[in-house]
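To start, the structure itself, in structure tokens.
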Amino acid sequence: MRRSLACLLVVAAATSVMLPAQKGANPGFSRKPQPSWIILNSFNSVPGTDIQQIFHCKLPTDKDGRWTTCVTVAKLPKFFGGDDQSTGIVMGIYAPYEGFFDVGLVPVAKLLNSTGRDANLTLDPSGLWAIFDRDDGVYVAKRSGTTASFAAPTKVQGFGALRDVMPALGPVGGKMKVFYTDRTAIQMQDIDLAGAKLVGSPAVVSRPLQANAKPLRPTPLIGGDGDVEGLFLAEEVKPHTKTNTGDADPVFAFDLDPATPPIMHVNRTDWQPGGSPAGGFLSFGHDISPRFHLMHSEIALLLGDNELIGGTADIKMWGTNHSHPKPLVSAVFFSLGTIPKVPIPNINGWLGLLPPILGDFGTAVHKDKEGSGLIRIPIPNAAFLRGLILDLQAIVVDPVKGQITFTNTAPLQFR
């Protein structure tokens, strides 16, 4: 299997044609975007109207193939903590393989809602901290366990006059950070959650790909070592004022270097204001007549690493495994650059590595329903490696379905 995959990628690289476009590849689609039939406004799914934001998080207590999910909706009913008119937030369990979204977590998030606007709820990777927007600033709340209710929220000090910053939490170097937009760039800053305050100065980690665009809704992408390795976000090209207006496009940033342009994922002329992956499932918003709804897609995703020499690099991949309990298999290849993405016959997605392909880091078996695979690479403690960047890309294979999908390209950086 490993030899045949390596040969396939080398042949694909040798026969590719370079095009005058953005370098690198976004995650390949094993199922292209379509309106979600799982998470939608209905009595049996999401209350209220107009699902405006979504965030998936894999918590330690979530069953295999399920995720904890936060959504922002309009006209949140009183039963969920709203007033039937205001924008509010709801938490539930997303079970895409089983085909349902369960809002049984109503009591958990109910105290986070007010009769004003509550929006853009996200969680830290432990699920014990929540952070979200209100009209007067950013709020955090804590709970004692992943099945417990959140306490009443506390306003975070340090954001100044910034509003609707769409905050999200994630560790970098083992230290908790908050990622947020100031409408010119995505900022990363230390946060004291217990003290509800920002610490130190912000650092820009991503700038827009498109000229004059405004970055929105940074969703941290957590790698194999538990650190944030990139972001899924959106870029506002034209403002959104009502249904069927505005232009926003989902993009991926596969490192935290503002000099690296994000990679376009879905480019349309309507409003697609970002979202979140859940393993190989990717959800993002879409607002066209008659109302806001969510898009469901399935991708092959890869996250690289930024690791010290002498340490261990963790390369993580995801796919959707509809053949479970039969596993997926992936192989990770590396090169010294990227090219504009090129379609290859009989493979979903695009090749994005610069030929020649220098080698591979072996294969991973994706045994769980989450569709995740991990390759750990010991890095020699050699000074000449410091500063080296290898570009990675993987192929994810479903042997039962005979389906092969390219992941995105992503860097492996040595420091």
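The values are calculated or read from the model by the stated rules, or taken from the named source; none is laboratory data. In this text the structure is predicted, and so the values were computed from the model without any measurement. Cβ atoms come from the backbone with ideal geometry, glycine included; neighbour counts cover every protein chain shown.
The residue list ALA253, ALA248 contains one member that is crowded, with 24+ Cβ neighbours inside 10 Å, more than 22 Å from ASN306 (Cβ to Cβ) and assigned by TED's automatic domain parsing to the domain that holds TRP67, which is ALA248. Filtering VAL178, VAL138 for residues that are outside any loop (DSSP other than H, G, I, E, B), under 18 Å from ARG117 (Cα atoms) and either in contact with a Pro (Cβ under 6 Å, 6 or more places away or on another chain) or hydroxyl-bearing (Ser, Thr, Tyr) (or both) leaves a single hit, VAL138.
Does GLN189 qualify as being at pLDDT 95 or above, surrounded by 15 or more Cβ atoms within 10 Å (Cβ to Cβ), assigned by TED's automatic domain parsing to the domain that holds ASN120 and of a type in the set (S, T, N, Q)? The answer is yes for GLN189. Total residues in region 64-103 satisfying the condition of being out of contact with any strand residue (DSSP E or B) (no Cβ under 7 Å at 6 or more places or on another chain) and either of a type in the set (Asp, Glu) or farther than 22 Å from THR219 by Cβ (or both): the figure is 11. For region 353-361, the count of residues that are touching a residue at least 60 places away in the same chain (Cβ under 8 Å), in the same structural domain as PHE406 (by TED's automatic domain parsing) and loosely packed, with under 15 Cβ neighbours inside 10 Å is nonzero.
Does PRO27 meet the test of being at pLDDT 90 or above and within 30 Å of LEU358 (Cβ to Cβ)? Here the answer is yes, as PRO27 does meet what is asked. Selection of region 288-327 for residues being in the same structural domain as GLY246 (by TED's automatic domain parsing) and without any contact (Cβ under 8 Å) to a residue 60 or more places away in the chain yields ILE288, SER289, PRO290. Close contacts from region 148-177, counting a first residue that is under 25 Å from LEU59 (Cβ atoms) and a second that is of a type outside the set (A, V, I, L, M, F, W, C) and part of a loop (DSSP other than H, G, I, E, B), with Cβ to Cβ under 6 Å and a gap of 6+ residues or different chains, come to PHE150/ARG143; LEU169/ASP124; PRO171/ASP227; VAL172/ASP227.
In this structure, is ASP314 under 27 Å from ASP368 (Cα atoms) and not in a strand (DSSP E or B)? For ASP314, the condition - under 27 Å from ASP368 (Cα atoms) and not in a strand (DSSP E or B) - is not met. Within region 169-197, restricting attention to residues that are touching an Asp or Glu at 6+ places or on another chain (Cβ under 9 Å) and among the hydrophobic types (A, V, I, L, M, F, W, C), the residue that is nearest to GLY226 (Cα to Cα) is VAL172.
On the basis of being closer than 22 Å to HIS56 by Cβ, assigned to a loop (DSSP other than H, G, I, E, B) and not acidic (Asp, Glu), does HIS324 make the cut? Against the criterion (closer than 22 Å to HIS56 by Cβ, assigned to a loop (DSSP other than H, G, I, E, B) and not acidic (Asp, Glu)), HIS324 qualifies.
Of the residues that sit in region 340-364 and are of a type in the set (A, V, I, L, M) and outside any loop (DSSP other than H, G, I, E, B), which one is nearest to LYS316 (Cα to Cα)? By that ranking, first place goes to ALA364. Residues in region 75-96 that are touching a residue at least 60 places away in the same chain (Cβ under 8 Å) and in a strand (DSSP E or B): 1 in all. Among residues of region 244-264 that are free of Cβ contacts under 8 Å to residues at least 60 places away in the same chain, those with a beta-carbon under 6 Å from a residue that is small (Gly, Ala, Ser) and in a loop (DSSP other than H, G, I, E, B) at least six positions away or on a different chain give the pairs ASN244/SER289; PRO250/GLY274.
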